[in-house]
Every structure is written in C-alpha cells, then in structure tokens.
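One structure below.
Please treat every number below as a calculation from the coordinates, not as lab data. Just so it is clear, the model here is predicted, and its values are computed rather than measured. Ideal geometry is used to build each Cβ from the backbone, glycine not excepted, and the neighbour counts take in all protein chains shown.
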Amino acid sequence: MAVNKIITKNNEQTTATKWTLTKECLLARAGTECISTPDMTLPGIHGATWNMCIYPRGYGIGKHSYLSVFISCLTKKTVSAHVSFELEGRSETKCSRRYIFTKRGSYKGYEQFLLRSRLFDPNYDYFVDDRITIHCTLTYVLTDALSVVLQPDSNVELPDVRLSTCFKKDDVAELSDCVITVGGIEFECHKLILFARSPVLRAMLTNPGFIESAKNAIDIKEFKPSTVKSALAFFYNGELKSRTINSTSRVKDLLRFADMYDVQTLKAFLETKLIATICYDNVCDLANVAETTNSTKLRNACIDFLKSHLKSAPTFSGLWNLDGQVFLDVLKQVNETESPL
C-alpha cells in the first residue's frame, strides 16, 4: 500500500518580454495575418510555453481598425495569470486582466488594444525612429507539491473518478430533484449539475417568477429527446459518444441547444469539432449555423475559409443561401486584404 505525504506551498512568479516592431513591418501585414514572438518558457512550470501574438490589422469581425495583441499559452496544467500589455513609454496604453490558461492551450488578450488611425497618426508620436516596443508581463502562481511515496504497487489500478461513476444505476431517479421533459420523455436530473453547466437553466429553476422554479420541472419543446439526452450526458460526464460527435447534424443540434441555454463548455467543444470539418461542401451551412448560434470562433473560421478560397474554388455548396451579413463580412475582408493602407 502506498503512503503519500503532500506539502504544498504557493508563490508568485513573474516573467516578461518586450518586442520591438518597425512601422514597415506593421504596415506590410494584410488581412488577419498574425506575427508572433518565438516560444518562451514559463519558469517553474515544466513544459509550459508562451508567446506574444500581434494582429496589425485586428483580430475578429469588425476589429480591423485596431491593433490586436494576445498571448498564446500552452501548458500541461491550468494556470491563473495576471497579464498586462503596454507600449513602451506610453502608460496610457496599459491594459491588464487576469486570465485562466488551460492545459488544452489558450489564446487571451485584447482585440481593441489601440486604434490603427491613432497608432499611425504622427501627432501622437507612438513611433520612435519608426519603431514601437510592446511590453508584456505575466504574473502567475506556482504550486509546489512535495511528495513522499512508499513504493506503490505498480499493478494497482486507479479508480475512475468521474462524477458520473459516483451514482449507482438507481441513484439518478432516487436522488434527483428536478425533471426535464422532451416530447413526452422524462429525464431525471440534479439541479446542482444543471446550475453548474447552464446559467439559463439555473435562472429558470431558481427565479420565483418562473413556473419551472415552482414545479422543479422544465418542458423543452425546441429540441428532440436525443439532443437533450446527449447534452445531459455532457453535463454529467464532460463527454459525448462517438456516434454523436461523428454526426454533423447531431453536433449542429447540440450547438443550438448550447447557445439557447448558454452552456459555454459544450459550445466551445462543439465549435472545435465543427471547425475541423470545414470544407467546400459545408462551409456555407456551418457559417449560417454559427451566425444563428452566436458561435464566434466557428463564424470566424468559416469566413477565413471562404475568404481564402473565394477566387480559387469552383463553387461553394449553398453559396446562394449564405447569410447576408456573413457574405458582406467576407467581401469586406477580401477588399481590405487587397487594398493598401
């Protein structure tokens, strides 16, 4: 039997970089082109790297009149960090915020760091000898865990600690405290789980003005039972079955559910899955889905694909049904890419 003794202590660590860029370099970048520093390590966190990224013509829809700044962080564990950006010698440009960087990789920063018209206006004197220097500082907390282990048995199988395994088969019905009904099918649920995943469901079940709060019951009419069943499985397990993930129609239905009930973890998961499938045959359909579900990452990915292939592609399936605003944004970005500053 293994015996462990853990001693944990926290301390703050700060790392910083500064990056000097020429006016020519910033003016030469077109569209949503990004420039970035080489990867740097996060001292005290094994295997963690970060870099600074700049979009001279902005990042995101409607942000092309700005200089956008971000940091990209790849870490094997979740890191809480206070991040600040500032132009050298110009304290009025300082922006700072606390972010959470996850082990899947994170991209955080400011889409509207500084107006391009202001940056390149000689009256503001941002450039010194046609150069600007951007400072970026990260302050984060290190957790040191010192373990003393008495030679564990290598054959010991660790238990499955997922929340769903804590319930016995009959527990869901016996311990549940609310019901979701879809098409005559009832799903026994736990309000605590729903609250943690969806602020909309939380409001429905806690606001005295809602009938759902009085009855501890929610009737969903906009979605099929299979969609709600998959969503609830994600609520409890953080996972989706492969047959659901591999079905574009099911993923789109789930994305609509995630948007309606503001389930951000599910929404981010589904957007990533759909972005990986973008092609000539589905990009217009996915762009329309993104527009109606407020899925910004998916929308931007579709616009980038359309913009990049608009001239070379023989045809896009469903182009004439493409949402008008999406089409205008594609044309706007194409025009900005082709026209000089």
Cα-Cα over 24 Å, subset of Lys77/Lys307; Lys215/Lys267; Lys108/Lys224; Lys241/Lys273; Lys273/Lys307: Lys77/Lys307; Lys215/Lys267; Lys108/Lys224
Cβ-based exposure ranking for Ser36, Ser295, in which fewest neighbours within 10 Å come first: Ser36, Ser295
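Can you put Arg57, Arg98 in order, fewest other beta carbons within 10 Å first? Provide the component values of the computation, followed by the final result.
Working: Arg57 23, Arg98 11.
So the ranking, lowest neighbour count to highest, is Arg98, Arg57.
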5 angstrom amide H check on Phe223, placed H, neighbours 5+ away: none
Distance in nm between pseudo-label sites at Ile245 and Lys297 (7 Å out along the Cβ direction from Cα): 1.4
Distribution of pairwise C-alpha distances over region 7-147, 5 Å bins, in %: 2, 9, 19, 22, 18, 13, 8, 5, 3, 1, 1, 0
